[in-house]
Amino acid sequence: MGSIRVRLGALWAAARGRYYPHGTRRRRTYREAALALFGLAVLVPVLAIGWVLLTSPGAGRALLVIVGAVLLAFGSLVVFAQLDRLQPGRAPWLKVVLAWILAAPGAVAGVVLLVADLLRGSGGAARLQAGEVLWAEMPNDEDRGATSKVRPVVVVADEGDSVLVRWFTSQDKSQRHGYVEFTTAMQKQAGLDGVGHSTWLSGEARPLPRSAFRDPVGRVPAEVLHRRPS
């Protein structure tokens, strides 16, 4: 471990232009390779974090992406240090390429877990179909989402990490625009038996995380789902 620290220290010093390993013939080439190696070691984790922030995946997937990127980037530094220890200063660009190839297995575990987490997050790759009725935990509008309530919802579109839904409410919305009235017969057809009074389906659609969904209930016919709210 001590020899790796020494080699990494020498590589860092070389990248800064302050030191070159003994026996180096092309100092400028070695310095450029060292700069490129350190640049990749910084760039890869930064790109991974940026991708996570832009795509906003689940916390588990985000952590696996970042850990895999760090293992690959800094693992390549360790591999380069070991290669350079065997032949100081020779063929630096070849060592950079070999270092990334040999360090790649360090991120395989993270990639495998990432794929498993993606499959698990999407319900084993089973996508929800438009018109499906499920119980889901919906944030309440009254307190801006500070609390939530489990209510039936209708799937509009499965977008992967989130699902676009319309929700049912038992409050009388007959005097408000943007709702479709569901009679007791329509409820029975959709699997919502036992309510005993009319409910209303919102015309607005909202995204919900996959973790918000509970038990499936039934289906809403396509003609009802596409009916324009009054």
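Of all residues in the stretch 85-97, those satisfying the criterion of being touching a residue at least 12 places away in the same chain (Cβ under 8 Å) and either small (Gly, Ala, Ser) or out of contact with any helix residue (DSSP H, G or I) (no Cβ under 6 Å at 6 or more places or on another chain) (or both) are Pro88, Gly89, Arg90. Checked against (1) modelled with pLDDT under 80; (2) of a type outside the set (Ser, Thr, Tyr); (3) closer than 30 Å to Ala212 by Cβ; (4) in contact with a helix residue (DSSP H, G or I) (Cβ under 7 Å, 6 or more places away or on another chain), Val115 meets all criteria but (4).
Screening Thr184 with (1) modelled with pLDDT of 75 or more; (2) among the polar types (S, T, N, Q); (3) exposed (fewer than 12 other Cβ atoms within 10 Å of the Cβ) gives one miss only, at (3). The single condition from (1) touching a strand residue (DSSP E or B) at 6+ places or on another chain (Cβ under 6 Å); (2) modelled with pLDDT of 75 or more that Gly145 fails is (2).
Of the candidates Leu54, Leu40, the single residue that is part of a helix (DSSP H, G or I), on the phi < 0 side of the Ramachandran plot and modelled with pLDDT under 80 is Leu54. Within the stretch 157-166, the only residue that satisfies the criterion of being of a type in the set (A, V, I, L, M, F, W, C), over 9 Å from Arg210 (Cβ atoms) and crowded, with 18+ Cβ neighbours inside 10 Å is Val165.
The values are calculated or read from the model by the stated rules, or taken from the named source; none is laboratory data. The structure presented is a predicted model; accordingly, all values stated were derived computationally and were not measured. Reconstructed Cβ throughout: ideal geometry from the backbone, glycine too, with neighbour counts over all protein chains shown.
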